[in-house]
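Structure, as structure tokens:
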Amino acid sequence: MPLTVTNNVEIKLSSIIKDTVGLATAQGTISQAITNQLTTTTTNLVYSITGTMVGTDDTYDLAGALETPLGEAAVFAKVMCVFIRNNGVAAMHVGGTNTIPILSGATNTIELAPNAYLLYVDQTGITITDTAADIIKITGTADDTYDIIVIGASA
């Protein structure tokens, strides 16, 4: 039976700004809600892991030997969502040579401070090219942990 995947990515940011001016209190609200429905017609793969750094570099080959949470092969042709959270006590870097093209350039990385996360969502999807642009690489300190969730399509 083919894997069925239903996804929904939601983000809500809001701030209330208050200040007293004379006898009056001024208040302003900033609010932004984003909902991105990644439908079953565009996605059919999910990969997730809570990883522990082994040495200083961990790599995940999205066109390689990963498995869905249900044990099916997860070979990505397109990626619509990447979530990475640093659960460790030291900074981690995401990116580097042959990584998926959410960063421009082969040597660019994003630093994730402890408890920071990276979220990338693209409903159209980015193309995963085997051996050229198919790696999620995390560089950090041995024994620190992180979470990864990748949502995409096999074709």
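Every number in this text was worked out from the coordinates using simple rules, so none of it is lab data. In this text, all values refer to a predicted model and were calculated from it rather than measured experimentally. Cβ atoms come from the backbone with ideal geometry, glycine included; neighbour counts cover every protein chain shown.
The local environment of residue 59, defined by Cβ-Cβ distances under 11 Å, has a net charge of -3 under the rule Lys, Arg +1 and Asp, Glu -1. Between residue 155 and residue 132, full extension at 0.36 nm per residue minus the direct alpha carbon distance yields a gain of 6.6 nm.
Every pair of different Cα atoms in segment 2-132 enters the Kirkwood calculation, which places the hydrodynamic radius at 17.6 Å. A cut-off of 5 Å between modelled amide H atoms, ignoring neighbours fewer than 5 places along the same chain, links residue 128 with 78, 79.
Using Cβ counts within 10 Å as a stand-in for footprinting exposure, how do 16, 126 rank, fewest first? Provide the component values of the computation, followed by the final result.
Details: 16 9, 126 17.
In increasing order of surrounding Cβ atoms, one gets 16, 126.
Other residues within the sphere of radius under 15 Å centred on the Cβ of residue 7, judged by their own Cβ, net out at -1 (K and R +1, D and E -1).
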